[in-house]
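The values are calculated or read from the model by the stated rules, or taken from the named source; none is laboratory data. As the structure is a computational prediction, the values presented were derived from the model and not from experiment. Reconstructed Cβ throughout: ideal geometry from the backbone, glycine too, with neighbour counts over all protein chains shown.
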């Protein structure tokens with residue numbers, strides 16, 4: 001149970017499903033000793049376990065700090081939508097940061113810059129790009145034997161716990177983030193907006209019942225970008241780094257990707273074909289030396 005203490009500035013909602021390995025790194029990346037420029041009192045972390053058959057241990061989640069909370073949600077479907085909405089309603093802060101995929105390590109400035117960017121507009125939608133650990137998106141690597149053991153060895157080659165920006169050195173841009181910060185990005189696996197705004201747009205549409213929620217995360221992105229009330233702000237230089245976890249969309253070869261089924265579900269729910277919506281965001285943040293090094297290696 002989440003105690004009724006003084007309200008934090010940000011509630012970070014992270015969804016997990018059978019991710020004991022991945023949760024260790026994700027949750028560490030949300031601790032005050034890793035995140036820069038924030039204190040534990042500034043935010044809370046709600047780890048929502050969406051009906052895992054191997055649930056996280058509540059004591060382990062809480063060991064990351066007094067601002068960490070755990071909820072086991074008895075899911076009726078493999079979709080995380082109902083679980084995330086439940087956690088959003090439990091959130092105590094004015095701003096809610098949502099991570100639909102708990103397998104993603106956050107970069108160290110996300111909370112600091114998201115909090116600062118929240119003051120730019122009355123209705124800011126603050127988001128990040130996605131990266132995949134590995135030299136290519138994991139959909140391409142899986143056929144060549146990329147797995148959790150290979151990834152563990154890769155992660156050990158950098159001091160990411162001391163400096164999370166080191167992860168840029170061993171990662172590639174996720175397919176949904178196209179060519180990076182200045183691209184027409186399709187979605188964000190770490191975004192923040194006012195809690196009342198998120199509830200006002202309906203949260204995560206629970207009609208999306210596919211594993212992983214289908215394209216519900218992209219749907220939220222579209223709804224926000226189609227509504228001129230919201231002001232998109234992209235955190236320049238920040239990202240989430242996807243760990244391999246046998247994800248239904250991220251860790252299958254492209255020939256087996258469930259995109260067509262996701263599109264069918266979207267059309268049935270929305271009554272129209274799916275189409276990406278995007279508006280030019282404002283940029284806020286900084287570019288680390290590690291990101292510059294990565295950019296130069298890609299261009300060379």
Go through the range 12-24 residue by residue and tally those that are in contact (Cβ under 8 Å) with a residue 60 or more places away in the chain, closer than 17 Å to residue 62 by Cβ and part of a helix (DSSP H, G or I).
-> 1
Has the range 108-123 got any residue that is surrounded by 24 or more Cβ atoms within 10 Å (Cβ to Cβ), part of a strand (DSSP E or B) and either at pLDDT 95 or above or touching a helix residue (DSSP H, G or I) at 6+ places or on another chain (Cβ under 6 Å) (or both)?
-> no
Look through the range 233-274, keep the residues that are closer than 30 Å to residue 121 by Cα and more than 20 Å from the chain's Cα centre (by Cα), and return whichever of them is surrounded by the most Cβ atoms within 10 Å (Cβ to Cβ).
-> 274
Out of the range 37-69, which residues are within 18 Å of the chain's Cα centre (by Cα) and either surrounded by fewer than 21 Cβ atoms within 10 Å (Cβ to Cβ) or under 17 Å from residue 93 (Cβ atoms) (or both)?
-> 43, 44, 45, 46, 47, 48, 68, 69
Look at residue 187 and say whether it is free of Cβ contacts under 8 Å to residues at least 60 places away in the same chain, surrounded by 15 or more Cβ atoms within 10 Å (Cβ to Cβ) and not in a helix (DSSP H, G or I).
-> yes
For the range 251-267, pairs from a residue that is within 27 Å of residue 133 (Cβ to Cβ) to a residue that is surrounded by fewer than 13 Cβ atoms within 10 Å (Cβ to Cβ), with Cβ under 6 Å and 6 or more apart or across chains, are 253/143
Take the range 137-149 and flag every residue that is surrounded by 15 or more Cβ atoms within 10 Å (Cβ to Cβ) and more than 19 Å from the chain's Cα centre (by Cα).
-> 140, 141, 142, 146
Specify the residue that is surrounded by the most Cβ atoms within 10 Å (Cβ to Cβ); the eligible residues are those in the range 216-230 that are more than 19 Å from the chain's Cα centre (by Cα) and either in contact (Cβ under 8 Å) with a residue 60 or more places away in the chain or not in a helix (DSSP H, G or I) (or both).
-> 230
Does the range 210-241 hold any residues that are on the phi > 0 side of the Ramachandran plot and in contact with a strand residue (DSSP E or B) (Cβ under 8 Å, 6 or more places away or on another chain), and which are they?
-> 237
Pick out the one residue from 278, 245 that is closer than 19 Å to residue 178 by Cα, in a loop (DSSP other than H, G, I, E, B) and in contact (Cβ under 8 Å) with a residue 12 or more places away in the chain.
-> 278
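Here are 204, 168: which of them is buried (at least 23 other Cβ atoms within 10 Å of the Cβ) and under 20 Å from residue 265 (Cα atoms)?
Of 204, 168, the one residue that is buried (at least 23 other Cβ atoms within 10 Å of the Cβ) and under 20 Å from residue 265 (Cα atoms) is 204.
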